[in-house]
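I have placed the structure first, in the form of structure tokens, so that the comments after it can refer back to it.
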Amino acid sequence: MLSLTLAEGAELRTLEPWQAAEFLAQVEKVRDDIRPYIPFAARIFDEDAARAYLQGFAESAAADGPRLWGIWVDGVLSGGTLFRIFETKQHVCEVGVWLDPDVRGRGLITKAVGAMIDWAVGVRGMLRVEWCCEPSNEASIATAKRIGFTYEGTIRQGFNFDGRQRDYQMWAVLADEWRSRS
């Protein structure tokens, strides 16, 4: 996927190590908004850290593992999507997202994640796509529902973040459910 138009002036494309400065600027802009939910917001404070984070995803994608895309709106990096987990042997992957509050409400995440699921299920043979989020993240929960994920439960103290164990909600869509949606 070189580029996918999400809406007028908005596109999804691979976010690569050479874009570390742009990624760092985006993280700095949205840090306070996403930090309670997105671990990289607590780790990326300089261009070297941004480049290392992006390099990790580039290497992982080359090895058929997790991968990362950016969402550009009017030429400005404004968020992104990723397969945080991409396990081809288990046929399971997990989607993650973040988006600048200034561009929310345009359906960008819904369209981007839909395309990711289409590819994961239709091309790569994934049987289960997961969406995990903090129970207090109402926007993420609403997005999961809108895309078609089903709530499966809350994993108590299942995620260490900021030095403490946190709960997270598990949502999923199965390949057969995704294919049969109208």
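The values are calculated or read from the model by the stated rules, or taken from the named source; none is laboratory data. Keep in mind that what you see is a predicted model, and the values were worked out from it rather than measured. Cβ atoms come from the backbone with ideal geometry, glycine included; neighbour counts cover every protein chain shown. Side chains are part of the model used for accessible areas, which takes the heavy atoms of the whole protein and leaves out ligands, DNA and RNA. Shrake-Rupley method; radii C 1.70, N 1.55, O 1.52, S 1.80 Å.
Restricting attention to region 80-137 and to residues that are open to solvent by 60 Å² or more (accessible area, probe 1.4 Å) and polar (S, T, N, Q), the residue that is modelled with the highest pLDDT turns out to be Gln90. Of all positions in region 80-99, none carries a residue that is within 15 Å of the chain's Cα centre (by Cα), small (Gly, Ala, Ser) and not in a strand (DSSP E or B). Residues that are farther than 24 Å from Ala25 by Cβ, within 18 Å of the chain's Cα centre (by Cα), surrounded by 16 or more Cβ atoms within 10 Å (Cβ to Cβ) and in contact (Cβ under 8 Å) with a residue 40 or more places away in the chain do occur in region 148-171. Considering only region 39-79, state which residues are among the charged types (D, E, K, R) and assigned to a strand (DSSP E or B). Hit for region 39-79 is Arg67, nothing else. Criterion applied to Ala58, Ala63, Ala49 was being small (Gly, Ala, Ser) and either in contact with a helix residue (DSSP H, G or I) (Cβ under 7 Å, 6 or more places away or on another chain) or modelled with pLDDT under 95 (or both), and the one residue passing it is Ala58.
Taking residues in region 93-109 that are within 19 Å of Phe40 (Cβ to Cβ), and partners anywhere that are open to solvent by 40 Å² or more (accessible area, probe 1.4 Å) and among the charged types (D, E, K, R), the pairs with Cβ atoms closer than 6 Å and at least 6 places apart or on different chains are Glu94/Arg84; Gly96/Arg84; Pro101/Asp33. Total residues in region 1-32 satisfying the condition of being under 21 Å from Ala61 (Cβ atoms), β-branched (Val, Ile, Thr) and not in a strand (DSSP E or B): the figure is 1.
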